[in-house]
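Data block below; observations after.
Just so it is clear, none of the values below were taken in a lab; they were calculated from the coordinates. Just so it is clear, the model here is predicted, and its values are computed rather than measured. So basically every Cβ, Gly included, is an ideal-geometry build from the backbone, and we count neighbours across all protein chains shown.
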Amino acid sequence: RRCIRLLGQLFEMYQFIVRLLFIFSSLCFFSLTGISGKSQILFALVFTTRYLDLFTIFISLYNSSMKIIYIGCAYATVYLIYMKFKATYDGNHDTFRVEFLVVPVGGLSFLVNHDFSPLEILWTFSIYLESVAILPQLFMISKTGEAETITTHYLFFLGLYRALYLVNWFWRYYFEGFFDLIAIVAGVVQTILYCDFFYLYVTKVLKGKKLSLPA
């Protein structure tokens, strides 16, 4: 189980690195058209609300370090897109209405949670929001009709890490009797959103073809 969880964390770290490398490599072509700034804002919000316990609970140095890295990478990406390289960001195609995700997710986190306390509600909010945070990115790809290869690699590893965490939840249920319905349902929803992309990734990108989607 620890190996599966560690593998999932490694995939998540890899997608962070790929995302940052994508931004810098895109500068060579003076364009950041392949990445959705709105999705990155949502991911920054996800990690901020999930890891507020960083200031109240200490589990281990590794645990705290990973939380800081996740939050730092998320905000670094947002900074690069909207501040440092704002002129190269294609906001014309990044038009998904994120309030249609944040507001319903916020309401759901108040209604369905493990414990009606501030930190627990925020944790639940982060789990729900993460399951749909990729939608602005997928919407942007469908709107432009295609995606750069490095963008597809980033999305693939982002989805794969979540799928591995699903395996971890089922493993814990089978061997430990631990069951977290909120995390499992959110993980299933997020994985389903990636299914069509996974198929295109395997059938096109891995064969050296450029990913193209109907606009």
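Could you calculate the FRET efficiency of MET83 with PHE179 from 1/(1 + (r/R0)^6), where r is the beta carbon distance between them and R0 is 30 Å, rounded to 0.05? The calculated FRET efficiency here is 0.10. When you filter the trypsin sites (Lys or Arg not before Pro) in region 39-121 for DSSP loop state and at most 13 other Cβ atoms inside 10 Å of their Cβ, you are left with ARG97. Shown here for region 61-135: chymotrypsin sites (Phe, Trp or Tyr not before Pro) in loop regions (DSSP other than H, G, I, E, B) with at most 16 other Cβ atoms within 10 Å, namely PHE116.
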